[in-house]
Amino acid sequence: MPPGDVADKLQDEVIKLLYNDLSHPPATLIGKKYAWRSADGSGNNIADPDLGKAGSTYSRSVQQSHPLSPNELPDPGLIFDTLLKRDGFQNHPAGLSSLMFSFAALVIHSVFRTSHRDVNINETSSYCDLAPLYGHDQASQDRVRMRDGRGLLYPDVFAEDRLLLLPPAVCVLLVLFSRNHNYIAKKIFDINERGTYQDISKLSGAALAAQEEDLFQTARLVNCGWFGTVIFSDYVSCILGLVRLGSNWSLNPFGEMRNLDHSEFERGRGNACSVEFNCLYRWHATTSKEDEQWTQAMIEKIFPGKPLDTLTASDFAVGAKDAMAMLPDIHHWTFGNLQRQEDGSFKDEDLANMLKNSTEHPAGAFRARGTPECMRLHETMGINQNRQWGVCNLNDFRRYLGLKPFTTFLEWNSDPEIANAAEKLYGNIEYLELYVGLQAEEAKPVVDGAGLCPGYTISRAILSDAIALTRGDRYFTHDYTPFNLTAWGFADCQRQPDALGFGSALGRLFLRTMPEQFTPNSTYAFFPLMTPAAMEVFLKDIKQLDKYDMKRPTARASGQVTKDYAQVGNIIKDSKFIAHYQARARLVVPGKGFFSAPEDRSEQQRVLGALAGTSEATAELTKFFFEKTQELIRSNSFNLSGSKTRSVNLVRDVLKAVPIHWVADISGIQIKSSPSAHGDFTAVELYSMIGEIYSYIFLDVEPAKLMVLQERVQNHVKVLSQCIENGLGFSSNRLSISGIFSLFYRAKKPEEHAVVKQLHKLGYQSSREQANTILAIMVGAVELSVAFTNMVDLYLDSPNEDDIRKLALTGDKEGTASSNQTADGLAIQKDGRVFLDILAAGRNAQVFPEPETVNARRDQSGKKYIISDGISRCLGEDITIQIMSQVLRGVFAIKDLQRAPGNSGILYRFKDHDRPELNYAYLDEQKFISPWPTSLAVVYTGDA
Ligand code: HEM
């Protein structure tokens, strides 16, 4: 283009565009100093580190345009008595529970802590950083931290003393976040994503302090992520009334957005709370009847015998200070008359009871004359504070938000008595103060989009505030990354829209921190911010009532664990103990299935006999596994540049795939080579479906995820059963039972095989029964992949290659006693749960000398090994061992096969202490904890 005006303009536009691509100045910097939240909230905006820091002055958003001189304004006490004082209780119209406002109180205490010495000062940071838990400055944070190198908080401890002046449910919620912090810190340590954490007994001095800081700060980021997630799931869902509609939609204010000129729409630039928002959040009218009584009692305790209307702000400051001075040390704080246990924690049952009560108690409606009389002092203090801050009037605030100002008092509140009284007090609508104007404005009716139902002005403004608080926070935006939070932590604190309760995060928190106190589909856990009575009506309307347990849940007895060889062995054989998987299987597998006949194991024995009951059948089976292993190694290997070395991800592409190809083969399911290819499923898809069925039936899935998994598994079972019936021709009856293995034994006519004859003899008539049997074999097959992986990993660096075929398997099981029992000295109540640690029992040195040493020639006579359910039950011990030997032979036949260098050659796994039934846990693709191994690469030069 020739030089000139046009070329210059074009160049200018290109430069603007390129400049706008990036933030100026940069929004964040690298390194731990910037990745972690400071105790006082400073450094959120790296260019203006004091913005929103604890101890700063409040901001003011709106310019005052009318004189509101305290000398001329009505007396705050008179205003309270005329416009705010409760005249009878009205339930919240949209069914919000008292707990909704306990959570709201937690939110506001995260961002407001007005100094009693200088009302202009906010003693806490302007960020949703869970300051009530972690403290508003370094000194208060130091009081709650154990600092022993594990990044933990003291059990059930939190930092904010002012919460002790609020009804106990607020403190209970905070205790759950305190527990969540410790859960997260322990998990991050166990997973040890970067391999840097060490047992604290091996650390001291600076190394111990560094690990402590790393774990504490990372766990705090994840826990704050949880707090944000609860706000944008349960809380916003109630505010917008989405919970009534069964919608799991929510705002997502954090993401990157571009303006029309491609410049970045601002985020993560910090926040400083304003006095207008402090005023807006005084939601005291919503106090439930029960919390009103509690507050009344608290006021009487602090100011014994003093009439309410004589109390002043300085009385409050002195009273609150005295009350705080009488508190014991932070580890012994208590609330609601709860007793701490010896280890400092509260009893789960006590905490859960308070939450359940609070869920049952209806909140009060927002309205004029709705605030309990016992809160007179809180309100008059609030009105006076607003006057000291010089806030604008209600109409200025509305203009600022783009709302039409009120022209008359009747327009503001159509109740003539309220409007008249306000007019008499203020004279002119332009003099109506923000505080009273907001709190006594006519409430919004329950319409679509309205759940909180305060006055319209509040309902419009709180959303702006929620977005400012969260989108403005660098730790919720630019620095909200899997690197800073760890991959697991980042996944753990995300909103899960498909979670029960229309994406409830509180349900997950309740079931995680008090696992025995709620049923896995309890309305008390998944809709705790709504009363169960209201929820019943809404769930009925949207036809989802049958999905939820509406009863108030009672506590389940906590389980016992036994590692004792004799106890484990006896309980496993005892029919009075029922494994939970039978009940689970019945919920997902229709009809009389393989899993639902525990008392009649002979049937399974017969099927297994059919599967490999003859030497011919066994030969076919073992041939398949050997050949498929080799074939998959070959087809999934790739060459390294310029060398003959080949590499393959043995776990992902071979060991997990082999059993899947086998079950596909026997069931007639066609494996697709890619998602778009012809066939039923890819091996990965089929593995994932079968893996979920297995997890649901056999494993202790996280209770909060159980119901969602159940629904998915019911669907998988339906789809797979149909596939099996189609694949084997059952549905049209074109193939008889002999078709089951026709694809497997392609070389011969099916009728010639012992397996087919045997199945005929078993008398399987209906296609459903046949499909269930095949499905049971399929489900057991995923466990094979774990066994293959463990074996290969064990032998890869070991000289015992020849011994491979002789190793056996173990597993774990949880049982419930059907009546009071004693098993080898272990007393178990009726319905009590006992976890049988078969792995530990199998390492009993008296039964198996040198149990930790690999010795495939160990005497196996006398059937000493304890075999539980799962693979060995589905397939039988003998078949399992034969299959395993063939897969290992297929791998180790490659002479120079060895681990790939570095991390690629390491089987990444860890011990999950909350999942005792898993020998090892892994992180899946989404970085959730999974029972299935993910990756181990090997290299070799020989021909596979
Ligand atoms: C029965 C329940 C409640 C009681 C007993 C209560 C009590 C109090 C008290 C004593 C104060 C003065 C605190 C101080 O200056 O140290 C206060 C302030 C405040 N309350 Fe409540 N409150 C309750 C519920 C709520 C709820 C549900 C909300 C709204 C979500 C709320 C919002 C506020 C706000 C924004 C302040 C000002 C905080 C500050 O500036 O530091 N309160 N409340």
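Derivation of every value follows stated rules applied to the coordinates shown; laboratory data play no part. Owing to the predicted nature of the structure, the values given are computational and were not obtained by experimental measurement. All Cβ positions, even for glycine, are placed from backbone atoms using ideal geometry, and neighbour counts span all protein chains on display.
Sorted from longest to shortest, the spans of the Cα atoms of segment 500-547 along the three principal axes equal 31, 16, 15 Å.
What is the distance in Å between the Cα centres of segment 498-569 and segment 25-90? Centre-to-centre distance over Cα atoms comes out at 37 Å. Restricting the calculation to alpha carbons of segment 32-492 gives Rg and Dmax of 22.5, 74 angstrom.
Based on Cβ point charges of +1 for Lys and Arg and -1 for Asp and Glu, what charge dipole magnitude is obtained for segment 500-547 about its Cα centre, in debye rounded to the nearest 20?
With Lys and Arg at +1 and Asp and Glu at -1, about 140 debye.
Taking all C-alpha pairs of segment 219-324, those more than 22 Å from each other amount to 63 percent. Evaluating kT/(6 pi eta Rh) at 20 °C and 1.002 mPa s, with the Kirkwood radius of segment 465-513 over Cα pairs in the Stokes-Einstein relation, gives 175 µm² s⁻¹. For 229, 519, the sequence from fewest to most other C-beta atoms within 10 Å is 519, 229.
On full extension, the segment bounded by residue 408 and residue 616 gains 65.4 nm, given 0.36 nm per residue less the C-alpha separation. Given their separation in residues at 0.36 nm each and the Cα-Cα distance between them, residue 209 and residue 309 gain 30.7 nm when the chain is fully extended. This ranking places 409, 483 by how few other beta-carbon atoms lie within 10 Å of each, fewest first, which gives 483, 409.
Can you give the local net charge around residue 94? Use residues other than it whose beta-carbon is closer than 11 angstrom to its beta-carbon, Lys and Arg +1, Asp and Glu -1.
Net of charged neighbours comes to +2.
Neighbour counting of Cβ atoms within 10 Å sorts the residues 85, 705, fewest neighbours leading, into 85, 705.
When both segment 338-361 and segment 641-666 are represented by their alpha-carbon centers, they are found 51 Å apart.
With the charge dipole of segment 32-492 set up from +1 on Lys and Arg Cβ and -1 on Asp and Glu Cβ about the Cα centre, the Cα lying farthest toward the positive end among the listed residues 257, 73, 402 is that of 257. Our summary gives segment 500-547 a relative contact order of 31 percent, counting only alpha carbon pairs under 8 angstrom and 6 or more residues apart.
Given +1 at the Cβ of Lys and Arg, -1 at the Cβ of Asp and Glu and no other charges, the dipole of segment 32-492 around its Cα centre is 540 debye to the nearest 20.
If the reach is capped at under 16 angstrom between alpha carbons, list the aspartates and glutamates near residue 623, excluding any in the same chain fewer than eight residues apart. Candidates past the 8-residue exclusion: 631, 665, 878. The residues packed around residue 914, meaning those with a beta-carbon under 11 Å from its beta-carbon, carry a net charge of 0 if Lys and Arg are +1 and Asp and Glu are -1.
Determine the shape class of segment 887-944: with a ≥ b ≥ c the square roots of the Cα gyration tensor eigenvalues, call it rounded for a/c under 1.5, and otherwise prolate if a/b is greater than b/c, oblate otherwise. Since a/c reaches 1.5 and a/b is larger than b/c, the shape of segment 887-944 is classed as prolate. Here's the list of aspartates and glutamates a cross-link from residue 16 could span, going by alpha-carbon distance under 14 Å and ignoring same-chain residues fewer than 8 apart: 8, 261, 264.
Between the amide H of residue 59 and those of 273, 274, 275, distances stay under 5 Å, these residues lying 5 or more places away or on another chain, with hydrogens modeled in the peptide plane. Sequence-ordered 3J(HN,Hα) estimates for segment 274-286 from the Karplus curve with 6.51, -1.76 and 1.60 and θ = phi - 60° stand at 9, 5, 4, 6, 4, 5, 4, 8, 7, 8, 5, 5, 7 Hz, glycine and proline given as x.
As a length-normalised measure over Cα pairs under 8 Å and 6 or more apart, the relative contact order of segment 283-377 settles at 62 percent. Each of 182, 62, 308 was placed along the dipole of segment 32-492 (beta-carbon charges, centred on the mean Cα), and the one lying farthest toward the positive end is 182.
For residue 921, the residues 5 or more places off, or on other chains, whose built amide H falls under 5 Å of its own are 910, 911, 912.
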